[in-house]
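What follows draws every value from the coordinates through simple rules; no lab data is involved. Computed from a predicted model, the values in this text were never measured in an experiment. Here the Cβ positions follow ideal geometry from the backbone for every residue, glycine too, while neighbour counts run over all protein chains shown.
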């Protein structure tokens, strides 16, 4: 009945088993992490492309109308906010004088 009385194994066999299972576990972890690394790489590359395609500066064109800046001054009886105008911004285009009239 050799199943009930196992033979003692040496330390060398135990080390070989430990190294073998460690290598197998490392391989499985590497296989599981590889798709996440690929997705991260593609995301980083596309994010860099978005920033590279931004213009050097933003050009603000003249506003076609006047803009009113409002602030909440209180609430009405029905609970809706009441607004108060605090500033009006018009289109201001600087014109250079050529000195000729």
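Miscellaneous remarks
- Potential extension, residue 25-residue 88 segment - 0.36 nm per residue separation minus Cα distance: 15.9 nm
- FRET efficiency for residue 78 and residue 39, using Cβ-Cβ distance with R0 set to 41 Å, rounded to 0.05: 0.25
- With a simple spin-label model that places each label point 7 Å from the Cα along the Cα-to-Cβ direction, the separation between residue 57 and residue 13 comes to 7.9 nm.
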